[in-house]
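Participant: Shown below is the structure under consideration.
The values are calculated or read from the model by the stated rules, or taken from the named source; none is laboratory data. On a predicted model such as this, the values are computed, not experimentally measured, just so you know. Here the Cβ positions follow ideal geometry from the backbone for every residue, glycine too, while neighbour counts run over all protein chains shown.
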Amino acid sequence: MTKDGLVYVIPAGKYGKEGVLALLRQHPEIKFVSLVGIDLAGNDTDEKIPVSLFFEDYDKFFNAAACQTDGSSVVLPGIATLANARVDMKADPGVNWFVDYNDENMDAVTGKPVGTLRIPAFLQHATGYIDSRSVLRNTTNYVGNKIKELIRQYGIQGLAVTAEDIDKIVFTTATELEFWVKTPSQEVATRLLSASQKLQEQYWQRTHGVVRTALEQTIERLAQYGLEPEMGHKEVGGIKAHIDDSGKLIFVLEQLEVDWKYASDPVQTADNEIQARIIIREVFRENGLEVTFQAKPIHGVAGSGEHTHVGIGAVLKNGKFINLFNPHDMHTEFLSPLGYGALMGILKHYEVINPFVSSTTDSLNRLKPGFEAPVCIVTALGGERPDVPTRNRSVLAGLIRSVEAPLATRIEMRAPNPFTNTYIAIALFYLAALNGITYALKEGKTSAELLAELSKKPGEKAAYLETDRAYRSEVDVFEHFGEEERSAMFGKAPRTVWENFQALNRYPEKLAALVCPAFEKRIMDSFALGALNRWALELQYRSVPENLAKVIAAKQLHGEGDGNPLEEARWRTINALRTELGRDTDRGLSIFSRIKNALAAKDYDTASDLMVVMNDKMDELDELYYEYSHNAF
């Protein structure tokens, strides 16, 4: 309980049934219970069950009998069908439960805000558990058992303990959350933002006014919920706020980041992230500000990432914790064989992981060169030598290590964004890591041998990694390599959601290596079906109409006889582009119409290719019209 007399978190395992019920009796302001299941799109359920029913049927909440939904309420395509739609919710007693308070609804008796106890839950269908939380829980159990068995069979070179010394395998995971905040109904000045970003006017700058207040309150509230915040700061994006006559900030547009402590349970990590998003939204809303967690809310400006850190350790039977990624000597080696195997496994299989990490158009819009966003499947180990650490921000997977903090050695995956389904992404990272660990331990590879394979040049044969690829770069991959060279060395980045998911068909052997009883193929298929349905619908009903509105808004500004040859030539080019994009003529259909026709025919290859053309043409139109409009006066 905190100073304000409210309960914010019920820690896992702290109370039994009677303890939980006693606590709720002491806090009648907690009037509702909500079972929080996570579907395959990452959506969390939220219902209001009177707390009196929780008292009456407590046990039913843990055997999937207290609450039900159907397939139309959650994203589980191909599983929860119209003919078999029932989905039961089963409360999870193994993680923290959070209390969500409504400061706009005060309890008349206690004078405290009305609270809802949010209990994370699993979703159970007739065909089994089919939710994101159960996938991650089952996956970490599966991977942990497999790693322990590998260590028992083959050992790890340089590791002074055996499998018999290990009590359990621990998966240390954490996420960093970036987001944009602005005053409501504010117009976005993209070029001002772009200039500010290039001038580095915002990154790590001091916050002011209402933004500072909201950020400080956010950190305080994260602490109340037991998330152990570590930092809140300004990110690269944003512009200086405007001030009114009273000295208040009235024009806010900034990018921020909030970090909190890692968790040794990946499911708790993902649960914490959902709670953090709720806290951030509510605190900034209370201060009159809007928050968006979109990956690329503003075209032409840095997007928001959610770097996801993955590590593997072990708790020994004597209670000691060891980091299994660490080599015998951190001064002379980067990683242990197990650590190298984990990193190599993720890189080798990333083509089939990427669709689950970047499953929306918004996420792929962020992954463009020039915005510190990872485009290439490549890693950096932190420098050419272990004793001279650096930090390469241009890679997909970065090794985070420090001789001074050996327990913190981990892999930072830089591609996830705030709308990535963290449960699914983490599960796939660890399954891919297991594949590489199996290779490294089973073949008895030394750290030196694995470092040589990871550092291979394109064309050099390797036992595990692909011959025609490179996987490591300690230099900026955008500065040192051209687009064609990057694609040849590290693989070509997908341009659309459809292209991204085609990797599942193009690399069936890589996908098969990740399929297991904990993460079944039918779950992967359901995720893909839902993501592709969203992509097609957004393209037809959001992207095309929004672009059409921009095309219509690009009107001629100079009058007859009021222009000059240069201005008139520019307008002719713009108008021809407008026609190509949005106007059907006797010569042919516009790009917009061709996209609609392709989607109607389910010709997604054509729709995807035309989407790329449309995006390029819209960028061209934007630049041309800006130049034209700022010369017409």
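Participant: Kindly provide the set of residues from region 469-501 that are among the acidic types (Asp, Glu), at pLDDT 95 or above and in a loop (DSSP other than H, G, I, E, B), ordered by number.
Facilitator: Those that are among the acidic types (Asp, Glu), at pLDDT 95 or above and in a loop (DSSP other than H, G, I, E, B): none in region 469-501.
Participant: Any residue at all in region 362-369 that is assigned by TED's automatic domain parsing to the domain that holds Ile298, in contact (Cβ under 8 Å) with a residue 24 or more places away in the chain and touching a Ser or Thr at 6+ places or on another chain (Cβ under 6 Å)?
Facilitator: Yes, region 362-369 contains a residue that is assigned by TED's automatic domain parsing to the domain that holds Ile298, in contact (Cβ under 8 Å) with a residue 24 or more places away in the chain and touching a Ser or Thr at 6+ places or on another chain (Cβ under 6 Å).
Participant: Could you list, in sequence order, all residues of region 390-445 that are hydroxyl-bearing (Ser, Thr, Tyr), within 20 Å of the chain's Cα centre (by Cα) and outside any helix (DSSP H, G or I)?
Facilitator: Those that are hydroxyl-bearing (Ser, Thr, Tyr), within 20 Å of the chain's Cα centre (by Cα) and outside any helix (DSSP H, G or I): Ser394, Thr420.
Participant: Criterion first (in the same structural domain as Ala470 (by TED's automatic domain parsing), touching a residue at least 24 places away in the same chain (Cβ under 8 Å) and within 30 Å of Phe122 (Cα to Cα)) does Ala425 satisfy it?
Facilitator: yes
Participant: Would you point out the residue of region 582-623, among those that are more than 34 Å from the chain's Cα centre (by Cα) and not basic (Lys, Arg), that is surrounded by the most Cβ atoms within 10 Å (Cβ to Cβ)?
Facilitator: The qualifying residue surrounded by the most Cβ atoms within 10 Å (Cβ to Cβ) is Ser590.
Participant: Hey, which of the strands (runs of 3 or more DSSP E) in region 253-368, taking only ones fully inside, have at least 2 residues that are farther than 30 Å from Gln205 by Cα?
Facilitator: 308-316, 321-323
Participant: Something else: Going residue by residue through region 511-519, is there one that turns out to be among the β-branched types (Val, Ile, Thr), without any contact (Cβ under 8 Å) to a residue 12 or more places away in the chain and not in a helix (DSSP H, G or I)?
Facilitator: yes
Participant: Does region 13-33 hold any residues that are part of a loop (DSSP other than H, G, I, E, B), at pLDDT 95 or above and out of contact with any Ser or Thr (no Cβ under 7 Å at 6 or more places or on another chain), and which are they?
Facilitator: His27
Participant: Does region 351-362 contain at least one residue that is hydroxyl-bearing (Ser, Thr, Tyr) and touching a Gly at 6+ places or on another chain (Cβ under 7 Å)?
Facilitator: Scanning region 351-362, I find no residue that is hydroxyl-bearing (Ser, Thr, Tyr) and touching a Gly at 6+ places or on another chain (Cβ under 7 Å), so the answer is no.
Participant: In the list Lys14, Lys48, which residue meets the criterion of being closer than 20 Å to Tyr101 by Cα and among the charged types (D, E, K, R)?
Facilitator: From the options Lys14, Lys48, the qualifying one is Lys48.
Participant: Here's something else I'd like to know. Give me the pairs: first residue in region 213-225 and in the same structural domain as Arg285 (by TED's automatic domain parsing), second residue among the aromatic types (Phe, Trp, Tyr), beta-carbon distance under 7 Å, and six or more apart or on different chains, which are they?
Facilitator: What qualifies is Ala214/Phe284; Leu222/Trp260; Gln224/Tyr8; Tyr225/Tyr8; Tyr225/Phe98.
Participant: Test each condition in (1) within 21 Å of the chain's Cα centre (by Cα); (2) more than 30 Å from His328 (Cβ to Cβ) for Ser487 and report the one that comes out false.
Facilitator: Unmet condition: (1).
Participant: While we're looking at this one, here's another question. If the Cβ limit is 9 Å and pairs must be 6+ apart or interchain, which residue in region 527-551 that is of a type in the set (Ser, Thr, Tyr) pairs with which residue that is buried (at least 16 other Cβ atoms within 10 Å of the Cβ)?
Facilitator: Every condition considered, the pairs that remain are Ser543/Thr361; Ser543/Ile595; Ser543/Met611; Ser543/Met614; Ser543/Asn615.
Participant: Could you please give the count of residues in region 124-170 that are out of contact with any helix residue (DSSP H, G or I) (no Cβ under 7 Å at 6 or more places or on another chain), of a type in the set (A, V, I, L, M, F, W, C) and buried (at least 18 other Cβ atoms within 10 Å of the Cβ)?
Facilitator: The number of residues fulfilling the criteria is 2.
Participant: I'm trying to understand the selection: among the residues of region 80-124, which are in contact (Cβ under 8 Å) with a residue 24 or more places away in the chain and among the small types (Gly, Ala, Ser)?
Facilitator: Listed by number, the residues that qualify are Ala80, Ala91, Gly94, Gly115, Ala121.
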